[in-house]
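Participant: Shown below is the structure under consideration.
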Amino acid sequence: MSKTDAFGDRILKLYQYLIKEKQEFVLSKQILRSGTSIGANTAEARNAQGEKDFINKLNIALKEADETEYWLRKLQSGEYITACQYESMYNDNEEIIKILTKIIKTMKQKIL
């Protein structure tokens, strides 16, 4: 299982927790969409139609990871998740951001 798949699974569990335990229905949908989109776009990148398409798909995944970070901050500031929950999810997301950034940079250098 890839890091983005594992993170997507964590996002699904967070969504279920927010709905069932916190009765939070707006932010939970936002983080569900952005957090699972990271893995969906990296999956699409594996079947890209060339290097530019590959980079484009990973750039979309990177934007979704940035958005997910935003929603994590909002969930913590709204006290829907604890500081510990936030840190754990944030660290996983940040690791994905670093990996995606590195791959994108490497691919851009390769095609220039």
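Participant: Of the residues ASN47, ASN41, only one is surrounded by fewer than 18 Cβ atoms within 10 Å (Cβ to Cβ) and either over 23 Å from LEU112 (Cβ atoms) or at pLDDT 95 or above (or both); which? Lay out the reasoning, then the answer.
Facilitator: Working: ASN41 fails: surrounded by fewer than 18 Cβ atoms within 10 Å (Cβ to Cβ).
Checking each option against the conditions leaves just ASN47.
Participant: Quick one: would you say ILE60 is without any contact (Cβ under 8 Å) to a residue 40 or more places away in the chain, within 11 Å of the chain's Cα centre (by Cα) and within 17 Å of SER2 (Cα to Cα)? Quick ask: steps written out before the conclusion?
Facilitator: Working: without any contact (Cβ under 8 Å) to a residue 40 or more places away in the chain: yes; within 11 Å of the chain's Cα centre (by Cα): yes; within 17 Å of SER2 (Cα to Cα): no.
No; evaluated as a whole, the condition is false for this residue.
Participant: Could you grab me the full set of residues in region 76-112 that are touching a residue at least 12 places away in the same chain (Cβ under 8 Å) and within 15 Å of the chain's Cα centre (by Cα)?
Facilitator: If the condition is that a residue be touching a residue at least 12 places away in the same chain (Cβ under 8 Å) and within 15 Å of the chain's Cα centre (by Cα), then TYR86, MET89, TYR90, ASP92, ASN93, GLU94, GLU95, ILE96, ILE97, ILE99, LEU100, THR101 are the ones that fit.
Participant: Consider GLU69 carefully, then state whether it is under 14 Å from GLY8 (Cα atoms) and either touching a strand residue (DSSP E or B) at 6+ places or on another chain (Cβ under 6 Å) or surrounded by 20 or more Cβ atoms within 10 Å (Cβ to Cβ) (or both). Full working, then the answer.
Facilitator: Details: under 14 Å from GLY8 (Cα atoms): yes; either touching a strand residue (DSSP E or B) at 6+ places or on another chain (Cβ under 6 Å) or surrounded by 20 or more Cβ atoms within 10 Å (Cβ to Cβ) (or both): no.
No; evaluated as a whole, the condition is false for this residue.
Participant: Restricting attention to region 79-94, and to residues there that are touching a helix residue (DSSP H, G or I) at 6+ places or on another chain (Cβ under 7 Å) and open to solvent by 40 Å² or more (accessible area, probe 1.4 Å), which single residue is nearest to GLU51 (Cα to Cα)? Give the derivation first.
Facilitator: Quick first cut of region 79-94, residues touching a helix residue (DSSP H, G or I) at 6+ places or on another chain (Cβ under 7 Å) only: 80-81, 83, 86, 89-90, 92-93.
Next cut, open to solvent by 40 Å² or more (accessible area, probe 1.4 Å) only: 80, 83, 90, 92.
Values: TYR80: 40, ALA83: 39, TYR90: 29, ASP92: 26 Å.
If we take residues in region 79-94 being touching a helix residue (DSSP H, G or I) at 6+ places or on another chain (Cβ under 7 Å) and open to solvent by 40 Å² or more (accessible area, probe 1.4 Å), then ASP92 is nearest to GLU51 (Cα to Cα).
Participant: Another question about this same structure. Residue by residue through region 6-60, note down the ones that are within 23 Å of LYS98 (Cα to Cα) and not in a helix (DSSP H, G or I).
Facilitator: ARG46, ASN47, ALA48, GLY50
The values are calculated or read from the model by the stated rules, or taken from the named source; none is laboratory data. Fair warning: this is a prediction, and the values are worked out from it, not measured in the lab. Note that we place each Cβ from the backbone using ideal geometry, even for glycine, and neighbour counts take in every protein chain shown. Remember, those area values only see protein heavy atoms, side chains included, never the ligands or the DNA or RNA. Shrake-Rupley method; radii C 1.70, N 1.55, O 1.52, S 1.80 Å.
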